[in-house]
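Report on the following structure.
The values are calculated or read from the model by the stated rules, or taken from the named source; none is laboratory data. Predicted, not measured: the structure shown is a model, and the values here were computed from it. FYI the Cβ positions are ideal-geometry reconstructions off the backbone, even for glycines, and counts take in every protein chain you see. Protein only, heavy atoms only, side chains kept; ligands, DNA and RNA dropped before computing areas. Shrake-Rupley method; radii C 1.70, N 1.55, O 1.52, S 1.80 Å.
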Amino acid sequence: MTQLAAPSGLISLVLFVVAVGVLALLGGGFWINSRIKDREPPRPSAEEQPHLPPEGVTREIQENREPDEIPQTPKGGRALTPYELHNMHTRPSENKDRPRWSKGSSGSFGGGGLGAH
C-alpha cells in the first residue's frame, strides 16, 4: 500500500510536459496577436481626431413631427400599394404641446404600470 502514496517520476514528467505545452500555447498566442497588430493601420494622432464644428456644440431640438397626409383614393379608384407611397416625409407640428401619457399609465405596453383608469 505504500507504493500508491510514493511519488512517481512519471507523474512529475507528465505535469512538466503539460506545463511546457501550456506555456508554448500562451507564447504562440501572444506572437500571433503581435503579428496581427503589426498589420493594422496605426492609431490616429491627436490632430486627426474629430473636432467641434466652428459654430460650437450642436444642441438637441425637441419638436413634434406630423406625417404627410396619405393621398385619398378616389371613389371607385384603385388603392395605392405601399411601394407607391415612397418619399413620405414628416413636417414640424403646429401643436407645440408634447404628448403625455394619462395619469397612472406607464406609457408602454407591458411597462408594469396600473394602466389608464
message: Residues to consider are R59, R65, R35; find the one that is more than 27 Å from the chain's Cα centre (by Cα) and exposed (fewer than 10 other Cβ atoms within 10 Å of the Cβ).
response: R35
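Would you mind stating whether E47 is assigned to a loop (DSSP other than H, G, I, E, B) and either open to solvent by 100 Å² or more (accessible area, probe 1.4 Å) or not hydroxyl-bearing (S, T, Y) (or both)? Explain how you work it out, then say what you get.
On the way: assigned to a loop (DSSP other than H, G, I, E, B): no; either open to solvent by 100 Å² or more (accessible area, probe 1.4 Å) or not hydroxyl-bearing (S, T, Y) (or both): yes.
So E47 fails the test.
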- line: Of the candidates P74, P92, P67, the one satisfying the condition of being modelled with pLDDT of 80 or more and touching a His at 6+ places or on another chain (Cβ under 9 Å) is P67
task: Please work out which one of (1) in a helix (DSSP H, G or I); (2) under 41 Å from the mean Cα position of the chain (by Cα) is the condition L13 fails and give its number.
output: (2)
message: Here's a check for you: in segment 14-64, which residue that is within 30 Å of K96 (Cβ to Cβ) and hydrophobic (A, V, I, L, M, F, W, C) is modelled with the lowest pLDDT?
response: I61
